[in-house]
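Encoded as C-alpha cells, the structure appears first; notes follow it.
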Amino acid sequence: MAERIWLSTPTMHGEEQEYVKEAFDTNWVAPLGKNVDEFEKGIAQYVGCKAAAAMTAGTHALHMAVKLAGVGEGDIVLCSDMTFAATVNPVTYENGVQVFVESERETWNIDPKALEIAFEKYKGKVKAVVLAHLYGTPAKLDEICDLCEKYGVILIEDAAESLAATYKGRQTGSFGKYNAVSFNGNKIITTSGGGMFLSDDEEAVKKVRFYSTQARDAAPHYQHSEIGYNYRMSNVVAGIGRGQLLHLDEHKELKKAIYMRYKKGFEGLPVTMNPYLDCSEPNFWLSCFTVDEDAVNRVNPEKIRLALADENIEARPIWKPMHMQPLYADRDFVTAGDNVGEDIFERGLCLPSDIKMTEEQQEWVIGIIRGLF
Ligand SMILES: *Cc1c(COP(=O)(O)O)cnc(C)c1O
C-alpha cells in the first residue's frame, strides 16, 4: 500500500535539534532557560504583542487567559461554537458557563449578528468572549472587536490554529486582551506539545508566569496564598519551537499552495473550499470543503472520507459544533436564525493538508475525490 498521506503532521528542519542540543550542552533541561526566553520573544515579536509566556499546551494558555479575565462561578463566557473542545473547556476549569455563539458562512467563525444577540440576552453577565479562528481563517474581527468594546467585555483570541494568519495586515493573536497559540503536533509549527499566552499587558503576562509556576509567594520557603498550576514550557521543548519559528512563513506558503491546488483541482465539482474574507490572509492550516447541497445526498463527506481511508489517506470530519456535544448539552446556544454550524458539519470535510505531501500525492487525492462525483 502507498505511503500514508496525513491531515497535518510535524515538519522538522534541523535547526530545532541544534537549539535542543544547546539546552543539553548548557544543562538547561528545565522549565526555564534561554530557549524559553528567546522563543517567547520571537513569538511575541512575530504576532505583535508586547509579551508572551510559553506554556505546556495551548489549552493551558487558554486556561490562563480565562483566569486572567476574571471568570468565576457562574460567569457567562460567549464562545465559538464550531471549534475544538480545548477552546471552551477552560471556562469550566474556572467554573464559568459557556454560551455558544453560532458561526457565519463567510469564515465559519463567530457570527457578529449572533454575538450581539447573545450580548443583549446576557447583558451585564458576560465576562469574556473566546473567539477561535477555525482552520486558520481569521474571523470578522472588526465587527467582533467593536461589539466587545461596546459591551465592555474582554476578548480572548484562540489563535491555536491560526498562527501567522492576518486580518487587514495584522496578526491573529494580537486582537484580544489575552491570546493563545498552540504548538501541538498537528499545528502549523510544533514543539511536539506546547502553547503560548500573549498579551500587550506585561503585568498580565507576569501573573501568568506566577500562576503557571505553582503561585509561589515571595518567601524563602514554599508559601502559597493562591491556587497555582504547573504549566511552564520546558527549555528542551522551547528549543524545537525556536527552530520551527524560522520556518513559519515557509510553512504558511506551503499550506497556501495546497489550498490553491485543491481549489483548482476541484473546479467544476459541486464542492466549495472553506471561505475567507478578502481583507484577511489565512494561514491555510487545514484545507476543507463543503459538498454543495444539491450533490450531498449523492456524495456525502463520510463517503469521501472512507474512500480516501481505503487508499491510506487521512481526512477528518469538520469539528463537531460544541452545542451538539453531549458534554455541553445543557449549555445555551445563540443563533441569528440559520443552522450554519450544523450544516457545515454535515456537508464539510477536512482534507489532507500535510506540507510534506507532494504535488503528485495531492493530485492523486484530488483524482480519487473527482472519481466519486
Ligand atoms: C489545538 C487547539 C487548541 C489546544 O491546543 P493544545 O496545544 O493542543 O492544548 C485549542 N484550540 C483550538 C482551536 C485548537 O485547534
Problem set entry | Residue under evaluation GLU342, criteria (1) touching a residue at least 24 places away in the same chain (Cβ under 8 Å); (2) buried (at least 18 other Cβ atoms within 10 Å of the Cβ), criterion not met | (1)
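Select, from THR191, THR213, the only residue that is of a type in the set (Ser, Thr, Tyr) and away from the ligand (no atom under 15 Å from the Cβ). Steps first, please.
On the way: THR191 fails: away from the ligand (no atom under 15 Å from the Cβ).
One residue alone meets the criteria, THR213.
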Exercise. Is at least one residue of the stretch 191-198 under 24 Å from TYR229 (Cα atoms) and of a type in the set (Ser, Thr, Tyr)?
Worked result: yes
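With at pLDDT 95 or above, not charged (D, E, K, R) and not in a loop (DSSP other than H, G, I, E, B) as the only criterion, which of VAL299, VAL237 stands out?
Values: VAL299 fails: not in a loop (DSSP other than H, G, I, E, B).
Residue meeting the stated conditions: VAL237.
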For this session: Collect the residues in the stretch 43-82 that are closer than 11 Å to MET196 by Cα and small (Gly, Ala, Ser), keeping them in residue-number order.
Result: ALA44, ALA51, ALA52, ALA53, ALA54, ALA57, GLY58, ALA61, ALA65
Problem set entry | Any chance PRO301 is at negative phi, in contact with an Asp or Glu (Cβ under 7 Å, 6 or more places away or on another chain) and in contact (Cβ under 8 Å) with a residue 40 or more places away in the chain | no
Exercise. Under 7 Å by Cβ, and 6 or more places apart or on different chains, what pairs join a residue from the stretch 25-48 that is on the phi > 0 side of the Ramachandran plot with one that is modelled with pLDDT of 95 or more?
Worked result: GLY33/ALA23; GLY33/ASN235; GLY48/ARG170; GLY48/GLN171; GLY48/SER174
Problem set entry | Candidate set from the stretch 129-166 (those that are surrounded by fewer than 22 Cβ atoms within 10 Å (Cβ to Cβ) and among the hydroxyl-bearing types (Ser, Thr, Tyr)); member that is nearest to the ligand (Cβ to nearest atom) | THR166
Problem set entry | Residues of the stretch 68-93 satisfying the condition of being assigned to a loop (DSSP other than H, G, I, E, B), within 16 Å of the ligand (Cβ to nearest atom) and touching a helix residue (DSSP H, G or I) at 6+ places or on another chain (Cβ under 7 Å) | ASP81, MET82, THR83, VAL88
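Among the residues in the stretch 45-55, are any under 30 Å from LYS256 (Cβ atoms), among the charged types (D, E, K, R) and more than 12 Å from the ligand (Cβ to nearest atom)? Can you show your working first?
To start, the set of residues in the stretch 45-55 that are under 30 Å from LYS256 (Cβ atoms) comprises 45-55.
Then keep just the ones that are among the charged types (D, E, K, R); that gives 50.
Cutting the leftovers down to more than 12 Å from the ligand (Cβ to nearest atom) gives us 50.
Yes, the conditions are met somewhere in the stretch 45-55.
The values are calculated or read from the model by the stated rules, or taken from the named source; none is laboratory data. Small disclaimer: the values here were computed from a predicted structure and weren't measured. Heads up, the Cβs are rebuilt from the backbone with ideal geometry, glycines too, and the neighbour counts pull from every protein chain shown.
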